[in-house]
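The values are calculated or read from the model by the stated rules, or taken from the named source; none is laboratory data. These figures come from a predicted structure and were not determined experimentally. Here the Cβ positions follow ideal geometry from the backbone for every residue, glycine too, while neighbour counts run over all protein chains shown. Protein only, heavy atoms only, side chains kept; ligands, DNA and RNA dropped before computing areas. Shrake-Rupley method; radii C 1.70, N 1.55, O 1.52, S 1.80 Å.
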Amino acid sequence: MDTVGLDGKGFESFVAQGDHVTVGQKLIRFDMDVIKAAGLVTETPVIITNQDAYTATITGTYPTTIQAGEALMVATRI
């Protein structure tokens with residue numbers, strides 16, 4: 001999680017700060033091997049900061065590994 005020290009190594013950004021993004025748009029690509037080689041944790045927390053505006057249904061049991069395109073959770077605006 002603390003990849004700041006990599007100074008961008010292993011990361012490629014597809015958007016710039018201030019860009020408007022849309023659902024499904026690619027934001028970033030990263031090389032997991034670069035992160036692991038640096039001895040960093042590769043698990044990523046998912047945090048909903050405005051949870052009072054949503055109801056979330058968690059699928060499966062956690063922690064878990066998911067593949068691109070698989071549902072992690074469903075969040076519905078109240």
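One table, with the values for the structure above:
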{"quantity": "Selected residue (criterion: nearest to M73 (Cα to Cα)) from residues of the range 13-60 that are assigned to a loop (DSSP other than H, G, I, E, B) and in contact with a Phe, Trp or Tyr (Cβ under 8 Å, 6 or more places away or on another chain)", "calculated": "I48"}
{"quantity": "Residue count, the range 38-78 (criterion: out of contact with any Asp or Glu (no Cβ under 9 Å at 6 or more places or on another chain), under 24 Å from G8 (Cα atoms) and open to solvent by less than 100 Å² (accessible area, probe 1.4 Å))", "calculated": "5"}
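Conditions tested, residue by residue: (1) in the same structural domain as M1 (by the TED database); (2) closer than 22 Å to M1 by Cα; (3) of a type in the set (A, V, I, L, M).
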residue	(1), (2), (3)
Q17	yes, yes, no
V21	yes, no, yes
F30	yes, yes, no
G39	yes, yes, no
T64	no, yes, no
L72	no, yes, yes
